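Below is one structure, written out as C-alpha cells, with a few remarks after it.
The values are calculated or read from the model by the stated rules, or taken from the named source; none is laboratory data. Computed from a predicted structure; not experimentally measured. As a convention, Cβ positions derive from the backbone with ideal geometry for all residues, glycine included, and neighbour counts pool all protein chains shown.
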C-alpha cells in the first residue's frame, strides 16, 4: 500500500508541475472576466459580501457566487493574479485523486486507478483549465465528485453518498449554471436503482442540494426569477426560423464538440484521431458489457456512457465558442481509458497498452509545451491577452511616459477599461509608484473606475487590445479621435496588443 501512495503522490506532483510550469513567466490569460472577478473578490475581502455570481451569456441568468469566494484566499495573500492561478492549479490537480478513486471503486483494480490518475495529470485540457481564472474551472473537480457520490449511492449504499453527490452537483451548477444537465444522468440512475433507494436518502440529497445552491435561489427571489425566465427562453427558437438549425446540424455540432473534448484528453495532436479513439473504446466497452452475464447489474460501462454523453441534452445551448459547457466531461475520458487499458493489460496485450500510454503522454505533454506558454488558448477569444505581454506594455508606457502620462484604450467589452485599471493599480503602482491619468470614455459605474483624470502631461498612450471581438469600426473611430487631439509619435506591438505613444495638443 505504501508503494501505491508514493506512486499517486508522484503523479500528483507531476500534475502540478505541468500546470504551473509557465506561471513564473506570467503566461496567464488575463482579460475582462479575470479583472472583473478580481475586483469583485477584493470587494468581498473588504467586507462587501456578495450573493450574485458572474453573468452568463443568457441575459438575466447568472452563475453562482461560489467562484468569487473560492478566489478569496489567493487574493487575500496578493493582488497578483498569478497567485490565484497557483491556487487554482493545485485545486485542479486534486482531480487526480478523485478520478483514481472512481476507477478503483468501479473495478477494485489499482492498475486502473493509477492509469486513470496519470491520464488526468498529463491531460492537455485539464492543464488548460488549471490556470484559466474563470468560474467554470472549479467544475473540473466538482463534476467528477458528483459522479463519485452517485456511484457510491447506487452501488455501495454509503450513508453520506447522497449528500456528497448533492453538494458536488450544486457546486458544479454554481460554477456553470448550464451544468444542470448532469441531473439527467442522475435521474436515469436513480430510476435504474429505484429499488435500492429509500426516502431518507432522497430527502438527504434534496436538502443538501438546496443548501449548496442557496445563494442562487436567493438571487432568483431577489431579482424576480430573471434567471428562470432566461433559462426558459433558451427552449424557444430565437431569430429567423429560416436561419434556425436543423436536427442534423445539432447532431454534427454535438459530435464536433464532444469530439474535441475526447481528443484534448487523449490525443490533442489530431482531433479526429483522438475523438475516434475514445468513441471506439466507449462502443467496445458497451458491446463487451452487453455480451456479459451482468447486464442487469449497475455496471461501470453504461454509467460512464451517461456521464460522457450527458452534454447531448443541452447541445443547442452553446456552440464551438463555449467549450466550457463540457467542463467535467473530460475526467470521464480518463476513467474510461484507465479501466479499458487495464483490462487489455490483463488479456496479455501489454506491449500495445504500453505504446498507447506512452503515446498519450508524449502527445499531451507536447501540446502543453506548445500551447500553455500562451495562456488558456482553448478558451480565450483574445489570444494575446496574456499577463506577460500586458505587463510588458505597461512597462513601455512608464518608461516612455516619464513622471506622468495619460492613457486611453480600446477594449473587449468595448469601452470598459477594467483590465488596464486593475493592472496599473496592482503592478504599475507597486513598481513605479504612481497611476497614469485616464482620458478615455467615462468609466462611471464600471469596475476599476479609479484612475485620476487631471491631465498634467502632454504624453499619452492609446492601448489597443487584440482585435478579436472588437468591431473594426470602433478601432478606426478611436484612432481618428486620438488623431484629432494628439500626434502619433511611435507605435509598438506586444503580440497583438498595440500601444501608440502620442503627444497631446494642449493648446
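For the reader, a short list of remarks on this structure follows.
- Test: residue in region 438-454 that is part of a helix (DSSP H, G or I) and outside the structural domain of residue 134 (by TED's automatic domain parsing): no
- Counting the residues of region 450-474 that are surrounded by fewer than 16 Cβ atoms within 10 Å (Cβ to Cβ), over 22 Å from residue 403 (Cβ atoms) and in contact with a strand residue (DSSP E or B) (Cβ under 7 Å, 6 or more places away or on another chain) gives 1.
- Top-ranked residue of region 12-55 - restricted to ones that are touching a strand residue (DSSP E or B) at 6+ places or on another chain (Cβ under 9 Å) and surrounded by fewer than 19 Cβ atoms within 10 Å (Cβ to Cβ), ranked as farthest from residue 212 (Cα to Cα): 55
- Residue within region 484-491 that is surrounded by 16 or more Cβ atoms within 10 Å (Cβ to Cβ) and more than 32 Å from the chain's Cα centre (by Cα) present: yes
- Residue match in region 421-428 (condition: assigned to a helix (DSSP H, G or I), in contact with a strand residue (DSSP E or B) (Cβ under 9 Å, 6 or more places away or on another chain) and over 30 Å from residue 128 (Cα atoms)): no
- The set of residues from region 391-400 being touching a strand residue (DSSP E or B) at 6+ places or on another chain (Cβ under 7 Å) and either over 12 Å from residue 499 (Cα atoms) or buried (at least 16 other Cβ atoms within 10 Å of the Cβ) (or both) comprises 392, 393, 396, 397.
- Selection count where residues are assigned to a loop (DSSP other than H, G, I, E, B) and modelled with pLDDT of 85 or more, scope region 48-69: 10
Listed here are the residues, each with its yes/no results for (1) more than 14 Å from residue 327 (Cβ to Cβ); (2) touching a residue at least 12 places away in the same chain (Cβ under 8 Å); (3) not assigned by TED's automatic domain parsing to the domain that holds residue 207.
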| residue | (1), (2), (3) |
| --- | --- |
| 91 | no, yes, no |
| 97 | yes, yes, no |
| 104 | yes, no, no |
| 113 | yes, yes, no |
| 125 | no, yes, no |
| 139 | no, yes, no |
| 142 | no, yes, no |
| 165 | yes, yes, no |
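- Exactly one residue out of 414, 423 is loosely packed, with under 15 Cβ neighbours inside 10 Å and touching a residue at least 40 places away in the same chain (Cβ under 8 Å): that is 414.
- Residue among 297, 266 that alone is surrounded by fewer than 18 Cβ atoms within 10 Å (Cβ to Cβ) and either at pLDDT below 85 or assigned by TED's automatic domain parsing to the domain that holds residue 363 (or both): 297
- The single condition from (1) outside any helix (DSSP H, G or I); (2) touching a residue at least 40 places away in the same chain (Cβ under 8 Å); (3) touching a strand residue (DSSP E or B) at 6+ places or on another chain (Cβ under 9 Å) that residue 403 fails is (3).
- Any hit, region 178-195, residues being assigned by TED's automatic domain parsing to the domain that holds residue 86 and touching a strand residue (DSSP E or B) at 6+ places or on another chain (Cβ under 7 Å): no
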